[in-house]
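The next block holds one structure in the form of structure tokens; read it before the comments.
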Ligand code: 4AD
Ligand code: MG
């Protein structure tokens, strides 16, 4: 294979001549010298071209180029402490691969709707580049966390005959002569595979027809969901804590340039180290009330309540034992207090709120079936799920971490929509 050079690895080639293949991200000219901001998908670098070095013809052609024209730039790499990337390229030659039309996105402020309509182009900008690179790093680290600890990756189905997380957010689709639903979570299937393989995880899209228009909700989002046989609530909290700490560490270590582009306060992130406070829902309600925030025991936390609660701490917190009525049918009862469940959500600090949800699963077939009937669920459809409690039932549990929620916090973003390349939202299916 021919040798290729990338901006992120340019430090290996100081004082050598390289050819970079990329796009023009910005341009300044003094008449004699052209400053070209080149991006190649791994980073940004300033390329300095003098008329004397590249010749009149090339200089004039490059000077005319519109932003996002594609180029091959050949030049010598110099270390430059003042440059944001730490390096600069002294240009010897420029090959114009394609002179772009006038680019619709400029440095001036554009409205969100305009940017979202042009999402296919907007993702080229430095902030979006940084977010998508951090997202990818989070996914790599999350998978590595589980892969290196003996979990088996099992892919769960997208098309399912029944609900996991309630019937109000189901996407229905035709499945030949019957109806099917797009998956809301791989959890129920994970519970089956955990009984076959012990420790499993799935990583895939979750689809929910959420009618709420908030900064935290996507219609299509990605979840990483472990499920562990013989795990209890304490184990689940330990795993959540260790996973999130490792993800933060990995992003801080490997994505410093991207965090800098986003001007993320990395000290706040570094503070998010274990141990994470663990408080029961009941204690959390008390803390909210003490902070002067009206909230009644038995309600579910809304975005606003979570924001207030998570601003009281510098690290993520683990809120456990939510009331039965705010959690799904599959949650195990707390043997010490049957009004609450062995559930746990992790709330990110700085007001970001829920990033992880999970808990210990109901183990007894009869009790579980009774609850399903009480909730009006089509019990026949769930016989396979009840079988897991009829054949070698064990305490077990797991959780789901929403990748986009996590990335929103890590990147310090005001809205979840930028954390996925092509967000699906209540009023957005395009592009
Ligand atoms: O709390 P949720 O609904 O839990 C479940 O789906 C469980 N079945 C997971 C499990 O135990 N295996 O969702 C889990 C996480 C949330 O904490 C949140 O991070 C994310 O998924 N999430 C969303 N992210 C973006 N947009 C939405 N509409 C989301 N709904 C949930
Ligand atoms: Mg939840």
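Bear in mind that the values in this text are calculations on the coordinates, not laboratory data. Every value quoted in this text rests on a predicted model; they were computed, and no experiment measured them. Methodologically, a virtual Cβ is constructed for each residue, glycine included, from the backbone with ideal geometry; neighbour enumeration extends over all protein chains shown.
Ordering 404-412, 247-255, 15-23, 36-44 by mean Cβ neighbour count within 10 Å, with the highest value first, yields 404-412, 36-44, 247-255, 15-23. Anisotropy class assigned to segment 285-431 is oblate, per the alpha carbon gyration tensor with a/c at or over the 1.5 cut-off and a/b no larger than b/c. If R0 is taken as 41 Å, the Cβ-Cβ distance between residue 32 and residue 2 corresponds to a FRET efficiency of 0.75. The chain has equivalent-ellipsoid semi-axes of 49, 23, 20 Å, by the square roots of 5 times the alpha carbon gyration tensor eigenvalues, sorted largest first.
Please compute P(r) over all alpha-carbon pairs of segment 7-98, binned at 10 Å starting from zero, and give each bin as a whole-number percent. Result returned by the calculation: 18, 58, 24, 0. As I understand it, the value is the acute angle between the Cα axis of helix 233-254 and the longest principal axis of the Cα atoms of the chain; what does it come to in degrees, rounded to 10? Once rounded, the angle reads 0 degrees. Which residues in segment 328-362 place their backbone N less than 11 Å from a point set 7 Å from the Cα of residue 232 along the Cα-to-Cβ direction? Within reach of a label on residue 232: 335-336. Taking every DSSP beta bridge that has both ends in segment 279-419, the antiparallel portion is near 90%. The mean of 1/r over all pairs of different alpha-carbon atoms in segment 238-353, once inverted, gives a Kirkwood hydrodynamic radius of 15.3 Å. Extending 7 Å from Cα along the Cβ direction at residue 53 and again at residue 415 yields two label points whose distance is 4.1 nm. Rounded, prolate or oblate: pick one for segment 131-225, where a ≥ b ≥ c are the square roots of the eigenvalues of its C-alpha gyration tensor, a/c under 1.5 means rounded, and failing that, prolate if a/b is larger than b/c, else oblate. Since a/c reaches 1.5 but b/c is at least a/b, the shape of segment 131-225 is classed as oblate. Taking a ≥ b ≥ c as the square roots of the Cα gyration tensor eigenvalues, segment 202-270 comes out oblate, since a/c reaches at least 1.5 and a/b does not exceed b/c. Angle of helix 281-290 to the longest C-alpha principal axis of the chain, folded into 0 to 90 degrees and rounded to 10: 70°. Placing a label point 7 Å from the Cα of residue 76 along the Cα-to-Cβ direction, the residues of segment 5-31 whose backbone N falls under 16 Å of that point are 13-19. Rounded to the nearest 10 degrees, the inclination of helix 187-197 to the longest alpha-carbon principal axis of the chain is 80 degrees. Along each principal axis, taking the top coordinate minus the bottom one, the Cα set of segment 299-364 gives 39, 20, 18 Å in descending order.
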